[in-house]
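A quick write-up on the structure given underneath.
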Amino acid sequence: MTERPPTRWDERYARDEYLFGVEPNDFLAEVAPRIPQGKVLCLADGEGRNGVYVASLGHKVTSIDASNVASSKALQLAEQKGVAIDAIVADLREYDLGEASWDCVVSIFFHMPPDMRRDMHGRVERAIKPGGHLILEAYTPKQLEYRTGGPPTVELLQTLEILKEDFPGLTFIHAVEKERDVYEGVGHAGHAAVVQLLARKPE
């Protein structure tokens, strides 16, 4: 595992328990079994609950996060679950995702300022192999009414319309804005407003 200078997320993750729990995101657990096995990139994967789950399905997983503490805990969780992941500590604004490199990219509650988001999503689309998939869930602006997780400012939130603009080259298989209960550790706890996306890059 690589390391980088401490971030504010290191402080949030510096606890014995897992901030967002150890179970995978519900939407990811719903759709990931439909994805053919291959190389999967989990963005902003935190303490690894999602990357470890995807690895348990037989995929070769690379888990990237900006926090040294989180990535260390991700490796511990992988060991506990009896799977292997490649944990990389990196600033995703600078990390090279590659071109047509991944069979699937997973982005769960990865919220960014608009300029970074557009750049990141563009690089994600290019990084997915033809025939590969994107699995994404994020909070929508309506989440500000609930405040049960996610960022406190509207510009960091996402909508289906935004995702359509950001991923013009993908075919949307499942794309909805909805409200659902999200219980993921103490970090996400309660009724929430989300956008969910399962998309595929044409071959």
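A short reminder: the numbers here are calculations on the coordinates, not readings from a lab. Everything quoted here is computed from the prediction, not taken from an experiment. Backbone-built Cβ (ideal geometry, glycine too); neighbour counts: all protein chains shown.
Observations
- The mean sequence separation of alpha-carbon pairs under 8 Å and at least six residues apart, normalised by the residue count of the chain, gives a relative contact order of 20 percent.
- Electrostatic dipole magnitude of the range 1-154 [Cβ: Lys, Arg +1; Asp, Glu -1; Cα centre; debye, to 20]: 240
- Value in Å of the Kirkwood radius, where the chain supplies the Cα pairs that are averaged: 16.8
- DSSP bridge orientation in the range 1-105 - percent antiparallel, rounded to nearest 5: 0
- Within the range 68-160, GluC sites (Glu not before Pro) in DSSP loop having at most 15 other beta-carbon neighbours inside 10 Å: 94, 99
- GluC sites (Glu not before Pro) restricted to DSSP loop in the range 15-76 with at most 13 other C-beta within 10 Å: 17
- A cut-off under 12 angstrom between Cβ atoms defines the neighbours of residue 150, and their net charge, with Lys, Arg +1 and Asp, Glu -1, is -1.
- Sum of -39500 (n - 2.57) over DSSP H runs of 4+, divided by residues of the chain (222 nm, nearest 500): -7500 deg cm²/dmol
- Each residue of the range 66-82 was assigned a 3J(HN,Hα) from its phi angle through the Karplus expression (A = 6.51, B = -1.76, C = 1.60, θ = phi - 60°), giving 7, 9, 4, 4, 4, 5, 4, 5, 5, 5, 5, 5, 4, 5, 4, 8, x Hz with x at Gly and Pro.
- When DSSP beta bridges are restricted to pairs lying wholly in the range 8-200, around 55% turn out antiparallel.
- Legend: residue pairs 178/201; 60/164; 60/201; 60/142, Cα-Cα distance threshold 30 Å; pairs beyond threshold, 60/142.
- Gain on full extension, evaluated as 0.36 nm per residue between residue 180 and residue 84 minus their Cα-Cα distance, stands at 31.5 nm.
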